[in-house]
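Only one structure is covered here, and it is reproduced in the block below.
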Amino acid sequence: MMKPADLPEVIPIFPLPGALLLPRARLPLHLFEPRYLAMFEDCLKTPHRLIGMIQPGDMPGPGDHGLHKIGCAGRVTQFSETEDGRYMITLTGISRYRIADEIEGFTPYRRCRVDWAGFEPDLAPSDRDPGFRREAFMDLLSRYFDTQGLSTDWETLQDADDELLINSLSMLLNFTLDEKQALLEAPSLTTRRETLVTLMEYALRGGDGQELLQ
């Protein structure tokens, strides 16, 4: 387990629309662009092996680099190389971070100086949601899947612990970039679950502000 002192001041940044990584969750990635192959190979040479996932943003202004301010860094925990030089990797979420500034340099990929302050709970072994009502949540999820035409392995979802269930759905469901960012920035598992519920209820209403379908 990483400690605050292990977290580096500068990390490579991987802006990828719609790809959400959360602390303690896993994100598979397929790397094939030369700049990201170089990023990955340089990452393996570091003791922490961290890559900072982040959403592109639409926030024009001085000092803004077209990125959201908050992302999540993941440690490379698994990888394999294909015959044509591409990589299939898995990142395990370590901690969220806030961009301080971008580092200008000679790497083909982007690097940023980041601030880890305020995200210390991300380094804990787990997070809890004491108010989670699984039966009501699964009922809402079932209705959401029906309206979206989605299918899943319900037995696996039922067996997943609370944090894995909430974070996996936050990462995998087809929300907008801003909605994904809201899920990322939720201060706790409880607020992430509340945000997730709000998004599913909004979809069930058809996004028109009418009463939730029964």
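Here, each number is a calculation from the coordinates, and none is a lab measurement. Model, not experiment: these values are computed from the prediction. Positions of Cβ are backbone-derived with ideal geometry, glycine not excepted, and every protein chain shown enters the neighbour counts.
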Spin-label pair THR147/THR107, simplified geometry with 7 Å Cα→Cβ offset, distance in nm: 4.3 nm
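May I ask you to order 196-205, 92-101 by the average number of other C-beta atoms within 10 Å around their residues, highest value first? Provide the component values of the computation, followed by the final result.
Working: 196-205: 17.4, 92-101: 19.5.
The most tightly packed comes first, giving 92-101, 196-205.
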Centre separation in Å (Cα based) which lies between region 167-198 and region 88-138: 13 Å
Qualifying lysines (Cα of each under 26 Å from Cα of LYS180; at least 8 residues distant if same chain): LYS69
PHE32 versus LYS3: modelled label distance in nm, points set 7 Å from Cα along the beta carbon direction: 4.3 nm
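Which FRET efficiency value, to the nearest 0.05, is calculated for ARG205 and GLU41 with the Förster distance at 45 angstrom and r the Cβ-Cβ distance?
Numbers: r = 47 Å, r/R0 = 1.05.
Calculated value: 0.45.
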Dipole in debye (nearest 20) - region 4-121, about Cα centre, beta carbon charges: Lys, Arg +1; Asp, Glu -1: 320 debye
Sorted peptide list for 103-114, 12-23, criterion being average Cβ within 10 angstrom, highest first: 12-23, 103-114
Cα-based Rg / Dmax (Å) for region 134-204: 11.4, 31
Cut-off under 5 Å, modelled amide H: who pairs with ILE103 long-range: ARG111, CYS112, ARG113
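Report the extension gain between GLU81 and LEU16 in nm, rounded to one decimal, defined as 0.36 nm multiplied by the number of residues separating them, less their alpha carbon distance.
Values: separation 65, 0.36 × 65 = 23.40 nm, distance 2.07 nm.
Taking GLU81 through LEU16 to full extension adds about 21.3 nm, to one decimal.
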